[in-house]
Amino acid sequence: MRAVVDHSVQARLITVPSVTREVTVGLRYDRHDPFAVSLVFPSDVSLDGQEVVWVFSRELLEDGLRAAVGLGDVHIRPSGPERTVIELRAPEGVAVIEFDTTGLLRFLRGTYGMVPGGSEYLELDLDRGLTSLLG
């Protein structure tokens with residue numbers, strides 16, 4: 001049985017108003033962390049030349065496809081009927097990334113095919129989690 005959903009999508013990194021850069025972003029879902037999704041950015045778009053991974057809730061991503069959501073570091077909102085904007089806030093600044101909504105929906109369908117909504121708790125291995133926390 002598969003444990004990970006990996007999906008690559010083209011996105012537009014908005015660096016200043018009306019200036020964009022095309023970038024391939026990895027979307028990742030791991031059934032061993034069933035409440036979370038990850039955005040994986042290639043090293044060529046980071047400030048330090050390293051791959052950058054942002055992790056946030058799968059529910060936040062789903063809700064952000066319909067309405068503006070988010071507190072803290074991750075904000076998601078629709079931008080018209082075909083696009084979704086994700087804002088990532090860090091001490092270094094704000095990254096604004098625009099996605100085609102269909103790519104995000106396709107990814108989410110794959111995650112829910114692996115772990116249906118409401119059954120995430122069945123995937124949790126509390127013993128393994130405690131062991132990793134306590135060393």
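Within the stretch 67-78, restricting attention to residues that are of a type outside the set (A, V, I, L, M) and in a strand (DSSP E or B), which residue is nearest to the chain's Cα centre (by Cα)? Don't jump to the end; show me each part of the working.
Filtering the stretch 67-78 for residues of a type outside the set (A, V, I, L, M) gives 70, 72-73, 75, 77-78.
Those still in the list that are in a strand (DSSP E or B) too: 75, 77-78.
Working: His75: 11, Arg77: 13, Pro78: 15 Å.
Here the residue is His75.
Kindly provide the set of residues from the stretch 7-25 that are out of contact with any strand residue (DSSP E or B) (no Cβ under 7 Å at 6 or more places or on another chain) and surrounded by 11 or more Cβ atoms within 10 Å (Cβ to Cβ), ordered by number. Walk me through how you get there before you give the answer.
Taking the stretch 7-25 and keeping what is out of contact with any strand residue (DSSP E or B) (no Cβ under 7 Å at 6 or more places or on another chain), we get 16-19.
Scanning the stretch 7-25 gives no hits.
Just give me the residues in the stretch 35-50 being exposed (fewer than 13 other Cβ atoms within 10 Å of the Cβ), of a type outside the set (Ser, Thr, Tyr) and on the phi < 0 side of the Ramachandran plot, in sequence order. Before you say what the answer is, go through the steps one by one.
Taking the stretch 35-50 as the starting set, the residues that turn out to be exposed (fewer than 13 other Cβ atoms within 10 Å of the Cβ) are 43-44, 47-50.
Then keep just the ones that are of a type outside the set (Ser, Thr, Tyr); that gives 44, 47-50.
Of everything in the stretch 35-50, those that are exposed (fewer than 13 other Cβ atoms within 10 Å of the Cβ), of a type outside the set (Ser, Thr, Tyr) and on the phi < 0 side of the Ramachandran plot turn out to be Asp44, Leu47, Asp48, Gln50.
Here are some residues: Asp73, Asp63. Which one is over 18 Å from Ser8 (Cα atoms) and open to solvent by 80 Å² or more (accessible area, probe 1.4 Å)?
Just a single option satisfies the conditions, and that option is Asp73.
Within the stretch 80-116, can you find the residues that are over 22 Å from Leu47 (Cα atoms), at pLDDT below 95 and in contact with an Asp or Glu (Cβ under 8 Å, 6 or more places away or on another chain)?
The answer is Val115, and nothing else.
Could you list all residues from the stretch 26-52 that are in a strand (DSSP E or B), closer than 15 Å to Leu108 by Cα and either modelled with pLDDT under 90 or not aliphatic (A, V, I, L, M) (or both)?
Within the stretch 26-52, Gly26, Arg28, Tyr29, Asp30, Ser38 qualify.
Considering only the stretch 79-100, I want to know if a residue exists there that is closer than 20 Å to Ser8 by Cβ, assigned to a helix (DSSP H, G or I), open to solvent by 20 Å² or more (accessible area, probe 1.4 Å) and out of contact with any Phe, Trp or Tyr (no Cβ under 7 Å at 6 or more places or on another chain).
Going through the stretch 79-100, the residues closer than 20 Å to Ser8 by Cβ turn out to be 82-86, 88, 95-100.
Narrowing further to those that are assigned to a helix (DSSP H, G or I): none.
Taking every residue of the stretch 79-100 in turn, none turns out to be closer than 20 Å to Ser8 by Cβ, assigned to a helix (DSSP H, G or I), open to solvent by 20 Å² or more (accessible area, probe 1.4 Å) and out of contact with any Phe, Trp or Tyr (no Cβ under 7 Å at 6 or more places or on another chain).
The values are calculated or read from the model by the stated rules, or taken from the named source; none is laboratory data. All of these numbers come straight from a predicted model, not from anything done at the bench. Cβ sites come from the backbone with ideal geometry, for glycine too, and all protein chains shown count toward neighbours. The area values use the complete protein model at the heavy-atom level, side chains included, leaving out ligands, DNA and RNA. Shrake-Rupley method; radii C 1.70, N 1.55, O 1.52, S 1.80 Å.
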